[in-house]
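The values are calculated or read from the model by the stated rules, or taken from the named source; none is laboratory data. Quantities reported herein were computed from a predicted structural model and do not represent experimental measurements. With ideal geometry, Cβ positions are generated from the backbone for all residues, glycine too; neighbour counts draw on all protein chains shown. Heads up: the accessible areas ignore ligands, DNA and RNA and are worked out on the full protein's heavy atoms, side chains in. Shrake-Rupley method; radii C 1.70, N 1.55, O 1.52, S 1.80 Å.
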Amino acid sequence: MKTSNKLLLSFVGLIVLLMLLSDTVMWANFKRGRSGDGLLTDDDNKGKEIRIPVSAFKVLKIEGVASDRLTVDRDEKYQIYFWGDKDQRFDYSTRNDTMFIKLKDGDHFVLECPALQTVILSEGNGISLRRFELPSLNILAGKSCNVELIDMKVNVLDVKGGEESEFVAMGKKSLIDSIHLQLGQSSVLKSYEVPYGHVSMAVDSLRELQLTGESLTSMKQIK
């Protein structure tokens, strides 16, 4: 065999050997939970489900201006729940029986708690309350606030909203026995398939009104 052919075969054999060694190392690292320079499970702490315990509270006060509503969902524990970097920082504190949250655009988290008595919204933010069963709930909202209720069961609901506020109720599991609703000028009222017992409503020049299904037929008397 010519020397040139021998050299070529040796070179090809070396390449194949290096490829086999590389595959072996990569497979060994994979079995140990490593990919590249880091752990497969690390993923730079992103894409993970994070829960941060918080102190118990009865009153929730939301400040700051944000385009997205804060979602508050029913859970047996008091906690903040989010996906992503565990080092994310949110502006919140608890004093006595009140949880203070200052929202800003870019905040994406869910507050979880077993119950609430009062929600206070400053101007320009909003809240989405979901799946609570409460004897009573008071919501006090400033100008240009957004209140959304989904699958809420409340015996007595009292809502006071400022000018250009929005109140939306929906969900097949919703049931509100008595609602006292007061909305400022140029506000929006929407209720989809939510049955009410007694309705007390004070509105001033609504910008939009939508009542469908049981939300409309259940309103036997409005005072």
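I need the trypsin sites (Lys or Arg not before Pro) found in region 188-221, filtered to DSSP loop residues with at most 15 other beta carbons within 10 Å of theirs. Please list the in-between numbers first.
Working: sites: Lys190, Arg207, Lys220; in loops: Arg207, Lys220.
Passing both the DSSP loop test and the Cβ count: Arg207, Lys220.
Remark on Leu70: its backbone amide H falls under 5 Å from those of Gly126, Ile127, Ser128, a criterion applied only to residues 5 or more positions apart or on other chains, H modelled at 1.01 Å from N. In the complete set of protein chains, residue-level accessible area for Arg74 is approximately 80 Å², probe 1.4 angstrom.
Here the Debye sum runs over all C-alpha atoms of region 134-205 as equal scatterers in vacuum, and log10 of I(q)/I(0) at q = 0.19, 0.26 Å⁻¹ comes out as -0.69, -1.23. Taken over region 91-182, the convex hull of the Cα atoms encloses 100 Å³ per residue. Treating r as the C-beta distance of Asn96 and Arg207 and R0 as 35 Å, the FRET efficiency rounds to 0.40. In this label model, Leu216 and Asp177 are separated by 2.8 nm, measuring between points 7 Å along each Cα→Cβ vector. Extension gain for Arg130 to Asp105 (0.36 nm times residue separation, less C-alpha to C-alpha distance): 6.9 nm. A cut-off of 5 Å between modelled amide H atoms, ignoring neighbours fewer than 5 places along the same chain, links Lys48 with Gly84.
In order along region 111-117, the Karplus-derived 3J(HN,Hα) couplings, from 6.51 cos²θ - 1.76 cosθ + 1.60 at θ = phi - 60°, round to 9, 10, 7, x, 7, 8, 10 Hz, and Gly and Pro are given as x.
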